[in-house]
Amino acid sequence: MTIYLNGQFMPIAEAKISVLDRGFIFGDGVYEVIPVYTRHAFRLEEHLRRLQDSLEGIKLANPHTKAEWTSLIHELIRLNTDDDQYLYLHITRGVSRRDHAFPKPPVPPTVFMMSNPLRVPPVELLKSGIACITATDNRWLRCDIKAIALLPNVLLRQMAVDAGCAETILIRSDARGEFMTEGAASNIFAVKNGILLAPPKDNLMLPGITYDVVLEIAAANGIPYQVRRIEAAEVFEASELLLTSSTKEVLPITLLDGKPVGDGKPGVMFARLHGLYQDFKRCVMRVNQD
Ligand code: PDD
C-alpha cells in the first residue's frame with residue numbers, strides 16, 4: 001500500500017511520524033473519507049469543501065489549494081492497485097512540545113493520506129438489513145467538525161458491536177425532549193407516512209456527503225422528504241430507518257434495540273433510494289470519464 005506523508009509518496013511500512021505530533025498527543029486534527037469508484041473520486045469538490053470547513057472549525061490553515069489536493073489525490077489513486085478505493089485524509093496541527101495551546105509560531109501541519117480497497121455492502125446485507133442499537137449521544141457540541149478525536153464515537157460503535165449490531169443510533173435530549181442526531185459513524189434517516197425524514201445539518205451532526213446525495217436524489221425524483229428534527233419516538237415508530245455513509249452508501253436498518261423496524265424487512269423507500277443511488281453513481285462516473 002502506497003501512502004502520502006508530508007510531501008512524499010511511500011510504502012506504508014516506511015511512514016513515520018513523531019510521538020510529539022499533536023494528532024497523537026491531543027487528537028488535534030481533522031480528516032476526510034472519500035470513496036473512489038473505478039478510480040474516480042466521488043464528490044471530490046464536496047469532500048474538499050467539508051475538509052476546508054473542518055480546518056476552519058479547528059483554526060488550522062489549509063496546507064493545500066484545491067488544485068494541489070486534487071493532484072495529490074489523483075496520484076494516490078494511481079499508485080494503489082484497486083479500482084474502487086476509499087481514501088483517508090488526515091491533517092494535524094503538527095509536531096511541537098506538549099502544550100494545549102497552539103504552537104507559536106505555528107509549525108507545519110502533518111498531512112497524511114492512505115487508500116484502502118472499497119468493498120461496498122454485499123447483496124445479502126442489502127436484503128437482510130442491519131441491526132442497530134440506540135444510546136445517548138454523549139459527544140461534544142461541534143459534531144459538524146470531522147475531528148480525528150473520535151473516542152466517543154469509538155465507544156459508541158463498540159457498544160453496537162458488543163450487542164451483535166452494526167451501528168449505534170444517537171439520541172440527545174434538550175428542554176423539548178429527546179431527538180435523534182446521527183449514527184456513531186453514519187447519518188440516519190427515518191420514514192414516516194411515506195415521507196423521508198432527515199435531521200437538520202447543525203452543530204450536532206456531521207454534514208454527510210452521502211446524506212446530501214440522498215436528499216438531492218429524493219428532490220430530483222419527486223420523493224417526498226422533510227429536513228427537520230426527528231423525535232426519538234419517531235425513530236422507534238418509523239416504518240423504515242436508513243443509514244448512509246461514504247463506505248456503506250445506503251443501508252436499511254431492520255432491527256432496532258432488538259425490535260423489528262416496520263415489518264422487519266428493507267422497505268420501499270430503501271429499495272427506491274438505493275437503486276437511484278447506484279444509478280447516480282454510474283451516471284457521475286460516466287460523465288467524469290468523458
Ligand atoms: N464516517 N456521521 C459521522 C459521525 C461519520 O463519521 C460519518 C462518516 C458520517 C457520514 O458522512 P459521509 O456520508 O460523508 O461519509 C456521518 C466515515 C465514513 C468514517 O469515519 O470512516
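Does THR254 satisfy the condition of being touching a Phe, Trp or Tyr at 6+ places or on another chain (Cβ under 7 Å) and either within 16 Å of the ligand (Cβ to nearest atom) or open to solvent by less than 20 Å² (accessible area, probe 1.4 Å) (or both)?
Working: touching a Phe, Trp or Tyr at 6+ places or on another chain (Cβ under 7 Å): no; either within 16 Å of the ligand (Cβ to nearest atom) or open to solvent by less than 20 Å² (accessible area, probe 1.4 Å) (or both): yes.
For THR254, the condition - touching a Phe, Trp or Tyr at 6+ places or on another chain (Cβ under 7 Å) and either within 16 Å of the ligand (Cβ to nearest atom) or open to solvent by less than 20 Å² (accessible area, probe 1.4 Å) (or both) - is not met.
The set of residues in region 93-132 being within 16 Å of the ligand (Cβ to nearest atom) and in a strand (DSSP E or B) consists of PHE112, MET113, MET114, SER115, ASN116, PRO117, ILE130, CYS132. When residues of region 145-177 are filtered for being open to solvent by less than 80 Å² (accessible area, probe 1.4 Å) and either closer than 21 Å to PRO199 by Cα or part of a loop (DSSP other than H, G, I, E, B) (or both), how many remain? Residues in region 145-177 being open to solvent by less than 80 Å² (accessible area, probe 1.4 Å) and either closer than 21 Å to PRO199 by Cα or part of a loop (DSSP other than H, G, I, E, B) (or both): 22 in total.
So that you can scan it fast, the table gives a plain yes or no per residue for (1) of a type outside the set (D, E, K, R); (2) in contact with a Cys (Cβ under 8 Å, 6 or more places away or on another chain):
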| position | (1), (2) |
| --- | --- |
| ARG228 | no, no |
| PHE236 | yes, no |
| LEU241 | yes, yes |
| THR247 | yes, no |
| LYS259 | no, no |
| TYR277 | yes, no |
| LYS281 | no, no |
| ARG286 | no, no |
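Within region 59-80, does at least one residue satisfy the condition of being open to solvent by 70 Å² or more (accessible area, probe 1.4 Å) and within 16 Å of the ligand (Cβ to nearest atom)? Taking every residue of region 59-80 in turn, none turns out to be open to solvent by 70 Å² or more (accessible area, probe 1.4 Å) and within 16 Å of the ligand (Cβ to nearest atom). Among the residues of this structure, ILE223 does not count as one that is β-branched (Val, Ile, Thr) and under 21 Å from ILE171 (Cα atoms).
Of all residues in region 23-38, those satisfying the criterion of being closer than 13 Å to LYS146 by Cα, more than 9 Å from the ligand (Cβ to nearest atom) and crowded, with 18+ Cβ neighbours inside 10 Å are ASP28, GLY29, VAL30. Here THR81, THR65, THR136, THR92 are screened, and the one residue that is assigned by TED's automatic domain parsing to the domain that holds ASP257 and among the β-branched types (Val, Ile, Thr) is THR136.
Number of residues in region 191-216 that are more than 10 Å from the ligand (Cβ to nearest atom) and either open to solvent by less than 20 Å² (accessible area, probe 1.4 Å) or among the hydrophobic types (A, V, I, L, M, F, W, C) (or both): the value is 8.
Rundown of residues vs (1) in contact with an Asp or Glu (Cβ under 7 Å, 6 or more places away or on another chain); (2) within 17 Å of PHE236 (Cα to Cα), yes/no style:
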{"position": "PRO108", "(1), (2)": "no, no"}
{"position": "VAL111", "(1), (2)": "no, no"}
{"position": "SER115", "(1), (2)": "no, no"}
{"position": "ILE133", "(1), (2)": "yes, yes"}
{"position": "LEU150", "(1), (2)": "no, no"}
{"position": "GLN158", "(1), (2)": "no, no"}
{"position": "ALA163", "(1), (2)": "no, no"}
{"position": "LEU170", "(1), (2)": "yes, yes"}
{"position": "PHE189", "(1), (2)": "no, yes"}
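Selection within region 104-138: residues that are touching a residue at least 40 places away in the same chain (Cβ under 8 Å), closer than 17 Å to VAL30 by Cα and over 22 Å from the mean Cα position of the chain (by Cα). The member of this set that is surrounded by the most Cβ atoms within 10 Å (Cβ to Cβ) is PRO109. Report, by residue number, each residue of region 177-190 that is within 16 Å of the ligand (Cβ to nearest atom) and either modelled with pLDDT under 95 or charged (D, E, K, R) (or both). Across region 177-190, the qualifying residue is only GLU182. Taking each residue of region 196-215 that is within 13 Å of SER186 (Cβ to Cβ) and looking for partners that are open to solvent by less than 10 Å² (accessible area, probe 1.4 Å) and at pLDDT below 95 with beta-carbon atoms closer than 8 Å, six or more apart or interchain, yields nothing. Residues of region 79-92 that are outside any loop (DSSP other than H, G, I, E, B) and either without any contact (Cβ under 8 Å) to a residue 12 or more places away in the chain or within 30 Å of PRO121 (Cα to Cα) (or both): LEU79, GLN85, TYR86, LEU87, TYR88, LEU89, HIS90, ILE91.
The values are calculated or read from the model by the stated rules, or taken from the named source; none is laboratory data. Here the structure is a predicted model, which means the values were calculated and not measured. Here the Cβ is made from the backbone with ideal geometry for all residues, glycine too, and neighbour counts use every protein chain on show. Accessible surface areas use protein heavy atoms only, side chains included; no ligands, DNA or RNA. Shrake-Rupley method; radii C 1.70, N 1.55, O 1.52, S 1.80 Å.
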